[in-house]
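Rule-based calculations on the coordinates, nothing more; no lab input. The structure presented is a predicted model; accordingly, all values stated were derived computationally and were not measured. Ideal geometry is used to build each Cβ from the backbone, glycine not excepted, and the neighbour counts take in all protein chains shown.
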Amino acid sequence: MLESLITSKTRLKLLIKFFVSASNQAHLRGLADEFQESTNAIRKELNQLSEAGYLEKSADKNKILYRANTKNSLFKPIQKLIHTYLGIDEIVDNILEKVGDIQEVSLVGDYAAGIDSGKIDVLILGENINQAYLLLLADKVGKKLGKQVTLFFKRATEEQRYIILYTHNSTI
């Protein structure tokens, strides 16, 4: 879907990386390693996105860190587009609509790090949650999106990166 609109695979990976969460940041070499692409291809796209005002740069010792420019007027629409592309909005809406007393829904794993691996990991915390129904729902949503959706109902014991999508009183 989005691949036909944004034909550069590298640019799409960068948009996912930086717009899935405003807190994501990275430097050139780290991105090249993560995406397994040449630094030249990544540098070209980073420069174009920076010049257009979608990314901002900051110096950190001898590295330049990139992150989404949250002050850009298109930040929220691009973030919404990325969330829709990844299926995050649909997952959260379906969870909240039909299941128990949800306190928090968070994105964990690869997508929380901005990596489009095709595997969406979602942490759901709350009370009296109908886990069987949610697992069935995750399977249906996964098939519809062409991605693997895995649900967790307890925080991992090891430190894990996560993006809160919903808390009891507000959707993020």
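In debye, nearest 20: dipole of the chain around its Cα centre with unit charges on the Cβ of K, R (+) and D, E (-)?
Dipole of the chain, to the nearest 20 debye: 540 debye.
Of the trypsin sites (Lys or Arg not before Pro) in the range 1-89, which ones lie in a loop per DSSP and count no more than 14 other C-beta atoms within 10 Å?
Loop-located and lightly packed - K61, K71.
Just one of (i) 16.1; (ii) 17.0; (iii) 15.5 is Kirkwood radius over Cα pairs in Å as worked out from the coordinates here. Which one is it?
Looking at Kirkwood radius over Cα pairs in Å for this model, the match is (ii).
Which of K71/K119; K80/K147; K17/K71; K76/K144 have a Cα-Cα distance over 20 Å?
Listed pairs above 20 Å: K71/K119; K76/K144.
Is the range 2-76 rounded, prolate or oblate when judged by the Cα gyration tensor, a ≥ b ≥ c being the square roots of its eigenvalues, rounded requiring a/c under 1.5 and prolate requiring a/b larger than b/c?
Verdict is oblate for the range 2-76.
Which is farthest toward the positive dipole end of the range 50-169 among I120, Y66, I88, measuring Cα position about the Cα centre, with Cβ charges +1 (Lys, Arg) and -1 (Asp, Glu)?
Highest projection toward the positive end goes to Y66.
What distance in nm separates the simple spin-label points at L2 and K44, each placed 7 Å from Cα in the Cβ direction?
2.1
Taking the beta-carbon count within 10 Å as an exposure proxy, list L145, L134, L65 from fewest neighbours to most.
Listed from fewest to most nearby Cβ atoms, that is L65, L145, L134.
If the chain between K9 and D139 were fully stretched, how many nm would it gain, using 0.36 nm times the residue separation less the Cα-Cα distance?
44.1 nm
Which value in nm describes the separation of the simple spin-label points at N130 and T167, placed 7 Å from the Cα toward the beta carbon?
Placing both labels 7 Å along Cα→Cβ, they lie 2.8 nm apart.
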